[in-house]
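Heads up, the thing below is written out as structure tokens.
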Ligand code: DX5
Ligand code: ZN
């Protein structure tokens, strides 16, 4: 089983993103996570294409883009052109999730779908066979630094059961409040990819923290 950490640059120092990228490049994190928020689907606004392009320029790891935006179908091509290699959109934000999946596929990049903690995992059942990853939000999308919702473990177990049955190669990602205090338990419950923003970037030694979160 693979264990991947995807540090979220939402918690990095935006005045020196190159340093954040270089830290991730040196570290044992295989991915880098980029949170795009539009102020409509979520109350917060983060950043858009120019920041994604800057990260792409300096980071050698897989560019994992989480879009918290309405009308994801309108922007798929631009995210792909700006460097997204995994593009994850919100099920709740899409009028026609199957169409968005198809549009992302056509760009030749990996497709992820995600749900907030109040959406039943079963809603994704018809889509699981069509995606490369399901991101299970462990906080409500919109802000970094929130507290991990413990109910996530039950939802993860349900999702794992569905994935084992319908698409065993589909990855499971967890995002929100992930830290050294829950990383092992999440991996043990079947998570493949853990997003970590504040736990990594607020650590005294971010590289070491990534290593600790991956350790058995
Ligand atoms: C929240 C974002 C997360 C965020 C995680 O809406 O999707 O990726 O950066 O931040 P932490 O790890 O600080 O909870
Ligand atoms: Zn995210």
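Every read-out reported here was derived from the displayed coordinates using simple, explicitly stated rules and does not represent laboratory data. Being a predicted model, the structure only gives us computed values, none of them experimental. Cβ atoms come from the backbone with ideal geometry, glycine included; neighbour counts cover every protein chain shown.
Between the stretch 114-192 and the stretch 1-28, the alpha-carbon centres lie 21 Å apart.
Calculate, for residue 185 and residue 14, the FRET efficiency according to 1/(1 + (r/R0)^6) with r their C-beta to C-beta distance and R0 22 Å; round to the nearest 0.05.
Once rounded, the FRET efficiency stands at 0.10.
Each of 47, 14, 79, 89 was scored by other Cβ atoms within 10 Å of its Cβ. Listed from fewest to most, they are 14, 47, 79, 89. Its alpha carbons give the stretch 89-215 an Rg and a Dmax of 14.7, 43 Å.
In this simple spin-label model, placing a label point 7 Å from the Cα along the Cα-to-Cβ direction at both residue 208 and residue 122 gives a separation of 4.8 nm.
Within the listed set 188, 38, 132, the Gaussian network model of the chain (springs between alpha-carbon atoms below 10 Å) gives the highest mean-square fluctuation for 188. Computed as a quarter of the hull surface, the mean projected area of the alpha carbon convex hull for the stretch 23-88 stands at 4.3 nm². Distance between the modelled labels on residue 151 and residue 165, one decimal in nanometres: 2.2 nm (7 Å Cα→Cβ projection).
In the chain, one over the average inverse separation of all distinct C-alpha pairs is 16.9 Å, which is the Kirkwood hydrodynamic radius. Legend: ranking of residues 179, 8, 138 from fewest to most surrounding C-beta atoms inside 10 Å; resulting order 179, 8, 138. Let me make sure I get this right: for the stretch 108-162, a, b and c are the square roots of the gyration tensor eigenvalues over alpha carbons, sorted descending. Under 1.5 in a/c it's rounded, otherwise prolate if a/b > b/c, else oblate. Which is it? It is oblate, given that a/c is not under 1.5 and a/b is not larger than b/c. Based on DSSP, what percent of beta bridges with both residues in the stretch 1-110 are antiparallel, to the nearest 5? The antiparallel fraction comes to roughly 5 percent. Out of 28, 125, 160, any idea which swings most in a Gaussian network model of the chain, alpha carbons joined below 10 Å? With Cα springs under 10 Å in the chain, the top fluctuation among 28, 125, 160 is at 125. By DSSP, the beta bridges lying fully in the chain are antiparallel in about 5 percent of cases. Geometric descriptor of the stretch 41-161, per residue, is 115 Å³ (volume of the convex hull of the Cα atoms). May I ask you to derive the FRET efficiency for residue 158 and residue 26 from their Cβ-Cβ distance with R0 = 22 Å, giving the value to the nearest 0.05? Once rounded, the FRET efficiency stands at 0.05.
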